[in-house]
2 protein chains.
Amino acid sequence: MTRTPDDPRLELLQGTLDMLVLRTLQWGPRHGHGIGQAIRRQSEELLKVETGSLYPALHRLVKRGWLKSEWGVSEANQRAKFYRLTPAGRAQLIREQDRWSQLVRAIGRIMNPAPAAEE
Amino acid sequence: MTRTPDDPRLELLQGTLDMLVLRTLQWGPRHGHGIGQAIRRQSEELLKVETGSLYPALHRLVKRGWLKSEWGVSEANQRAKFYRLTPAGRAQLIREQDRWSQLVRAIGRIMNPAPAAEE
């Protein structure tokens, strides 16, 4: 992750991008550009996915068997690679979701400890 | 961040370590080893900080003026470098906390969208 303090949008934390891509495809197959747009819109423009991060992530997810890709035609009538979630990808999404919730809770315990734990 | 799926403890996401270090020092000055221990204990053993990540982070935070370090004597009666938060570090902690909350909310909008936003 690179910090861009001047840019109000947040760079995606490394390790959460895969989860967001898998989640986005739960709503149906999409092409790469559509996945990036879905993440941006759904997060109310807070998260942006750089092309340079998105395409390597898609490639990695296909290689692991979590996504399948096939050529199709986009809404702009252009040839594009569409990605869809595989059953293994759905199982992976559940694991990533658990991991993320666990991380958020663990960090929460440090950032907002129970009053008794504070000095 | 490296993934260690066999290890139940979570590797710290890049970018959150600085925030956790600053937060830990809000409870008072500590030496490096004590900071790592505080993060581990406070997160109920879920977060571990590798020495190879912690010391570069401390060095970076001192360089940016967010921490000051000074030599002292540890509870084990050993000479150790103690770190404390500077006023600039306190301000930075607030910024990092805001950023983290914003990120968690943005990811939450994708992972758990309002029912109407789902297909």
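Points worth noting:
- Flag for B:PRO56 being modelled with pLDDT under 95 and either of a type in the set (D, E, K, R) or part of a loop (DSSP other than H, G, I, E, B) (or both): no
- Hey, B:ALA76 more than 14 Å from every other protein chain (Cβ to nearest Cβ) and modelled with pLDDT under 95 or not: yes
- Of B:LEU85, B:LEU67, B:LEU61, all but one fail to be in contact (Cβ under 8 Å) with a residue 60 or more places away in the chain and more than 23 Å from A:ARG105 (Cβ to Cβ); the exception is B:LEU85.
- Answer from B:LEU17, B:LEU47, B:LEU54 - the residue that is in contact with a strand residue (DSSP E or B) (Cβ under 7 Å, 6 or more places away or on another chain) and either closer than 30 Å to A:THR24 by Cβ or touching a residue at least 24 places away in the same chain (Cβ under 8 Å) (or both): B:LEU47
- Yes/no for B:LEU61 being modelled with pLDDT of 95 or more, more than 11 Å from chain A (Cβ to nearest Cβ) and under 10 Å from the mean Cα position of the chain (by Cα): no
- Candidate set from region B:107-119 (those that are within 7 Å of chain A (Cβ to nearest Cβ) and either within 16 Å of the chain's Cα centre (by Cα) or at pLDDT 90 or above (or both)); member that is surrounded by the most Cβ atoms within 10 Å (Cβ to Cβ): B:ILE107
- Residue selection: B:THR24 fails the criterion of being β-branched (Val, Ile, Thr) and at pLDDT below 90.
- Test for A:ARG23: is it farther than 22 Å from B:ALA114 by Cα and of a type outside the set (Val, Ile, Thr): no
- Filter result (closer than 21 Å to B:ALA76 by Cβ, surrounded by fewer than 16 Cβ atoms within 10 Å (Cβ to Cβ) and within 11 Å of chain A (Cβ to nearest Cβ)) within region B:41-58: B:ARG41
The values are calculated or read from the model by the stated rules, or taken from the named source; none is laboratory data. In this text, all values refer to a predicted model and were calculated from it rather than measured experimentally. Please note: Cβ atoms are built from the backbone with ideal geometry, for glycine as well, and neighbour counts cover all protein chains shown.
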